[in-house]
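Undergrad: What follows is a structure written as structure tokens; I'll ask about it next.
Coordinate-derived values only; no laboratory data. What you are looking at is a predicted structure, and each value in this text was computed from that prediction instead of being measured. Don't worry about glycine lacking a Cβ; one is built from the backbone with ideal geometry, like all the others, and counts go over all protein chains shown.
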Amino acid sequence: MKQMVLVSGGAGYIGCHTTVELIAAGYDVVIADNLSNADMSGVEGVRQITGVDVPFVEVDCCDKQAFARLFEQYNFDSVIHFAAYKAVGESVVDPMKYYRNNLTSFMNVVELMREYGRHNIVFSSSATVYGEADELPVTELTPRKPATSSYGNTKQICEDILRDVATAYEGLRGISLRYFNPIGAHPSALIGELPRGVPQNLVPFITQTAAGVRECLSVFGDDYPTPDGSCLRDYIDVVDLAKAHVVAITRMVEGKNKQPYEVFNVGTGNGVSVLELLHGFERVNGVKVNHKIAPRRAGDVVAIWADTKLANEELGWRSERTLDETLRSAWEWEKHVRGIK
Ligand code: UD1
């Protein structure tokens, strides 16, 4: 019998790509999303790509009673929990919004999994938990630093909750995936990242500037202690990232996890600078991106990239798409959204 997976926050950027890969791997999926930061276009794109009428339930995971009805209705054994707010800056201005939403929804998922006897959960964590790391690349054993934003703190707290409950409760297994910087889009250009308002992240800002939606990209800082003076990040293709979720779920479904709770970095293992990424985008797509050097952005770490050995060896997962392919897909998606030929 086919295994079913609940994808909470499945209408969003990473959730949509993950749903496509779950279906390709033979899973049934039910998507739950409150559409607070997404519309139905992603779900429709997923249905078009897969040819499957993936069930969608509009529900807020913070509303436990409403959320429980989903557990009554669908017999999934595994959950991938994406549903969360993710704007770093906003979380500093309005921390309670982040604590209430991100922690309540996560605790509801875990409690309902216990009540309904469901077993496996993947939690959507972030490299932000490492802060400004003392050693590079960061391994899963690199100590986490105190979070510099409430958003980052909710990631740390949820990781800790998952560690404790998976250790304490028989039959509950969890994996936290620490994403580095997810970018790019599905090769079909039918799903991709669609930020509301002014993009806060680098690649959507680049693609929107190339498309003429934004006038000028600000490169935040060129005086960092890095080879070209701009920050270094590990940009991970969203389709590769989606596949990491499939192998994480499958590991637990097949009982191959070594501990009830495990953590994996999901990155490429390469540190790429802002200027390298920008010039790479211009080169592979043959477009110019108007940009200027601007002051450093508060809260940015100088450099971070992943040690991916554990994911390679334990999950048998590694990133496959090249940065050039990923940057091409990001532009194809932006053109699709804007109707550019
Ligand atoms: C941030 C969060 C991370 C979160 C991710 C996706 C932190 C430390 N990091 O990553 O947890 O998962 O967003 O939401 O909280 N840049 C520019 N110009 C721009 C935008 C960005 O130069 O207009 C630069 C930044 O200074 C940075 C790099 O591009 O050096 C990447 O920035 P961004 O895409 O915002 O991701 P992070 O800050 O690395």
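Undergrad: Give the Debye-formula value of log10 I(q)/I(0) at each listed q (0.12, 0.21 Å⁻¹), with one equal scatterer per alpha carbon of segment 150-275, two decimals each.
TA: With one equal scatterer per Cα and no solvent, log10 I(q)/I(0) is -0.64, -1.27.
Undergrad: Provide the per-residue ³J(HN,Hα) series for segment 129-139, in order, calculated from phi with Karplus coefficients 6.51, -1.76, 1.60 and θ = phi - 60°, each as a whole number of Hz, with x at glycine and proline positions.
TA: 5, 7, x, 7, 6, 7, 9, 10, x, 7, 9
Undergrad: Still on this model: If a/c stays under 1.5 just call it rounded; otherwise compare a/b with b/c (prolate if a/b is bigger, oblate if not). Do that for segment 88-132, with a ≥ b ≥ c from the square roots of the Cα gyration tensor eigenvalues.
TA: Because a/c hits 1.5 or more and a/b fails to exceed b/c, segment 88-132 counts as oblate.
Undergrad: Could you give each residue of segment 260-275 its phi-based ³J(HN,Hα) in whole Hz, using Karplus coefficients 6.51, -1.76, 1.60 with θ = phi - 60°, and x for Gly or Pro?
TA: 3J(HN,Hα) across segment 260-275, in whole Hz: x, 10, 9, 10, 9, 6, 10, x, 9, x, 10, x, 10, 7, 4, 5.
Undergrad: Next question. Residue by residue through segment 329-341, what is 3J(HN,Hα) from phi via Karplus (6.51 cos²θ - 1.76 cosθ + 1.60, θ = phi - 60°)? Round to whole Hz and write x for glycine and proline.
TA: Those phi angles translate into 5, 4, 6, 4, 5, 4, 5, 4, 5, 8, x, 8, 7 Hz.
Undergrad: For the chain, what does -39500 (n - 2.57) per DSSP helix run (n ≥ 4), summed and divided by total residues, give at 222 nm, in deg cm²/dmol to the nearest 500?
TA: The helix contribution divided over the chain gives -11500 deg cm²/dmol.
Undergrad: Size of the dipole of the chain about the Cα centre, Lys and Arg at +1 and Asp and Glu at -1 on the beta carbon, nothing else charged, in debye to 20?
TA: It comes to approximately 320 debye.
Undergrad: Picking from V263, V203, V301, which is most flexible by a Gaussian network model of the chain using Cα springs under 10 Å?
TA: V301
Undergrad: Name the residues whose placed amide hydrogens come within less than 5 Å of the amide hydrogen of E262, ignoring near sequence neighbours (fewer than 5 apart) on the same chain.
TA: For E262, whose amide H was placed from the backbone, the distant partners under 5 Å are G174, I175, S176.
Undergrad: In segment 282-296, whose amide N lies under 16 Å from the spot 7 Å out along Cα-to-Cβ of C216? List them in ranges.
TA: Label zone hits: 289-296.
Undergrad: What is the Cα centroid distance between segment 54-101 and segment 268-319, reported in whole angstrom?
TA: 29
Undergrad: Projecting each Cα onto the charge dipole of segment 160-289 (Lys/Arg +1, Asp/Glu -1 at the beta carbon, about the Cα centre), which of F281, P182, G221 comes out farthest on the positive side?
TA: Going by the Cα projections, it comes out as P182.
Undergrad: Multiply the residue separation of K145 and K341 by 0.36 nm, subtract the distance between their alpha-carbon atoms, and state the gained length in nm to one decimal.
TA: Extra length from K145 to K341 when fully extended: 66.0 nm.
Undergrad: Further, regarding this structure: From a point 7 Å beyond the Cα of T50 in the direction of its Cβ, which residues of segment 175-215 have a backbone N at a distance under 16 Å?
TA: Output list for this probe position: 186-188, 190-192.
Undergrad: If amide hydrogens are placed 1.01 Å from N in the peptide plane, which non-local residues have theirs closer than 5 Å to the one on V5?
TA: Answer set, sorted by chain and number: D28, V29, V30.
Undergrad: A follow-up question, please. Antiparallel versus total DSSP beta bridges in the chain: what percent is that, nearest 5?
TA: 5
Undergrad: Would you work out the charge dipole size for segment 235-308 about its Cα centre, treating the Cβ of every Lys and Arg as +1 and the Cβ of every Asp and Glu as -1, and quote it to the nearest 20 debye?
TA: 160
Undergrad: Once the Cα gyration tensor of the chain is diagonalised, what are the square roots of 5 times its eigenvalues, in whole Å and ordered largest first, as equivalent ellipsoid semi-axes?
TA: Equivalent ellipsoid of the chain: 31, 23, 19 Å, largest first.
Undergrad: So, one more: Rg/Rh for segment 1-159: what does it come to with C-alpha atoms and Rh from Kirkwood?
TA: Rg/Rh: 0.99.
Undergrad: So which aspartates and glutamates can K335 reach, going by Cα to Cα under 16 Å and dropping same-chain residues fewer than 8 places off?
TA: E193, E282, E325
Undergrad: Taking every eigenvalue of the Cα gyration tensor of segment 31-106, multiplying by 5 and rooting it, what semi-axes result, largest first, whole Å?
TA: Taking √(5λ) for each Cα gyration eigenvalue gives 25, 17, 9 Å.
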